[in-house]
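The values are calculated or read from the model by the stated rules, or taken from the named source; none is laboratory data. Quick caveat, the model's predicted, so the values are computed rather than measured. Cβ atoms come from the backbone with ideal geometry, glycine included; neighbour counts cover every protein chain shown. Just so you know, the surface numbers come from the protein's heavy atoms only, side chains and all, with ligands and any DNA or RNA stripped out. Shrake-Rupley method; radii C 1.70, N 1.55, O 1.52, S 1.80 Å.
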Amino acid sequence: MNTAGVRAEAEVRARVDGRGGTALPVLESRGPIALRRTRGSGATAHVTLVGAMSGPHGGDHFTLRADVGAGARLRVGSAAATLALPGQHGGQARQDVRITVAAGGELHWLPEPLVSVAGSELAVHTRVDLESGARLVLREELVLGRAGEDPGRLTSRLTVRVDGRPVLDQELDCGPGARGGWDGPAVLGGHRAVGQLVCCDPEFTEKPVAPGVPAEGLAVLPLTGPAVLVSAVAPDALRLRRLLDRAPASFAPASPASA
C-alpha cells in the first residue's frame, strides 16, 4: 500500500439557529483543503471549498463530510475546479464524500468540475443518506483531460439512500485501463465531459416528474425516493454546465398513465 500521499479531511454541520437561519456549529478542515463560510442568502448558509494546493495527487486520500440537521439549509460550492494529478510516488488517489440530511433539511451540493489530468488515477465515492422529507440538489461534473490532453483513469461512484433504501447506485469508470466501451456510443459517445444532477424533493411524490430527453446529450429519469436523476454528456465543461443548469426547468409532471 502506498502511504506517501497526503491525508485531508473537511467537515461541515448545519443546524437551525433558532432565529430563522442556519448555524454552522462545525466547520473544520485539515490538510490541503479548507472550508470557508461565505455570505448566505435568507435562511441558507453558504460554504465554499477552497484548495490550499493542487490535487489530489496519486496516493492522496481526501474525505469531505456534510451533515444537515432538521430544518437547516446549506449550500456548498467550490472556488475552482479540482485537478486530479499524477503523484510523485504514483498510486491511486481517493476522494470520499459523505453526506447526510435530516427530515426537513435541505442541501445544495454544487462543486466546480473535477478534471482528470493525463497520468492521474482517482477513485471518487459519494455516499448520500437522506431521511424522508429531506431535500437535495447534488451536481457532479467530470472532465476527461485538459484541452488537447488524454484523460487519466477516473472512477466515480454515486450512492443515494432515502431512509436506508437505495435510490441510486451507479459507477462510471473511464480512461486508460478501464473496461472497453467506456468511450463508445453506449456510454460517453466520444464526449469528454459527463455530469449528473440528482434532485430529491418530497414534492415529487405528489407531482412525479416524467422521463424525457429535453436536449441533445441530456436525459431526465425519475427515481423512487422521490428523486430525479439528470444525466448529460458534452464536448466540454461549458456545454455540460449549460445542459445541467437548464434541466430543472424541463421537469414536467408525469401523466397519470406514466406516473
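Once you compute Rg and the Kirkwood Rh from C-alpha atoms, what is the Rg to Rh ratio for the chain?
Details: Rg = 18.3 Å, Rh = 18.9 Å.
Using only Cα positions, Rg/Rh for the chain is 0.97.
Hey, can you find the accessible area per residue of the stretch 128-174 for me, probe 1.4 Å, expressed in square angstrom?
Numbers: 2030 Å² over 47 residues.
Ligands and nucleic acids excluded, the result is 43 Å² per residue.
Could you run the Karplus curve 6.51 cos²θ - 1.76 cosθ + 1.60 with θ = phi - 60° over the stretch 128-143 and give me ³J(HN,Hα) per residue in whole Hz, x for Gly and Pro?
These are the phi-based 3J(HN,Hα) values: 10, 10, 10, 7, 4, x, 7, 10, 9, 10, 10, 10, 10, 10, 10, 10 Hz.
Ignoring ligands, DNA and RNA, what percent of the accessible area of the chain is carbon or sulfur (1.4 Å)?
Numbers: 6210 of 12380 Å².
Its accessible area is 50 percent carbon and sulfur atoms.
Out of the stretch 14-117, which trypsin sites (Lys or Arg not before Pro) are coil in DSSP terms and have no more than 10 other C-beta atoms within 10 Å?
Values: sites: Arg15, Arg19, Arg30, Arg36, Arg37, Arg39, Arg65, Arg73, Arg75, Arg94, Arg98; in loops: Arg19.
In loop regions of the stretch 14-117 (DSSP not H, G, I, E or B), the sparsely surrounded trypsin sites (Lys or Arg not before Pro) are Arg19.
I'd like the distance between the alpha-carbon centres of the stretch 72-147 and the stretch 5-37, rounded to an integer number of Å.
The two parts, judged by their Cα centres, are 15 Å apart.
Can you give the alpha-carbon Rg of the stretch 151-208 over 2.2 N^0.38 Å, where N counts its residues?
Details: Rg = 15.0 Å, N = 58, 2.2 N^0.38 = 10.3 Å.
Computed over Cα atoms of the stretch 151-208, the ratio equals 1.46.
Please figure out what share of the DSSP beta bridges in the chain is antiparallel and state it in percent, rounded to the nearest 5.
Of the beta bridges lying entirely in the chain, close to 45 percent run antiparallel.
Please compute P(r) over all alpha-carbon pairs of the stretch 181-241, binned at 5 Å starting from zero, and give each bin as a whole-number percent.
P(r) over the stretch 181-241, rounded to whole percents: 4, 18, 24, 20, 16, 10, 6, 2.
By how many nm would the segment from Ser250 to Arg161 grow when fully extended, if each residue of separation counts as 0.36 nm and the alpha-carbon distance is taken off? All intermediate terms of the calculation are to be shown ahead of the outcome.
Working: separation 89, 0.36 × 89 = 32.04 nm, distance 2.45 nm.
Roughly 29.6 nm would be gained on extension.
When Lys and Arg each count +1 and Asp and Glu each count -1, what net charge do the other residues less than 13 Å away from Asp163, Cβ to Cβ, add up to?
Working: positive: Arg161, Arg165; negative: Asp129, Glu131.
With Lys, Arg at +1 and Asp, Glu at -1, the net is 0.
What is the ratio of the Cα radius of gyration of the stretch 47-160 to 2.2 N^0.38 Å, with N the residue count, to two decimals? Please list the in-between numbers first.
Numbers: Rg = 15.0 Å, N = 114, 2.2 N^0.38 = 13.3 Å.
Dividing the Cα Rg of the stretch 47-160 by 2.2 N^0.38 Å gives 1.13.
State whether the stretch 99-217 is rounded, prolate or oblate according to the following rule on the C-alpha gyration tensor (a ≥ b ≥ c being the square roots of its eigenvalues): a/c under 1.5 gives rounded; otherwise a/b larger than b/c gives prolate, and the remaining case gives oblate. Kindly include the intermediate steps, with their values, before the conclusion.
Working: a/c = 2.34, a/b = 1.82, b/c = 1.28.
Prolate, because a/c is 1.5 or more and a/b exceeds b/c.
Using C-alpha positions alone, give me the convex hull volume of the stretch 2-107 per residue in cubic angstrom.
Values: hull volume 9.1 nm³, N = 106.
It comes to 86 Å³ per residue, whole-number rounded.
How charged is the neighbourhood of Ala23? Take every other residue with its Cβ under 12 Å from the Cβ of Ala23, and add Lys/Arg as +1 and Asp/Glu as -1.
Working: positive: Arg13, Arg15, Arg19, Arg37, Arg73; negative: Asp17.
Overall, the nearby charge balance is +4.
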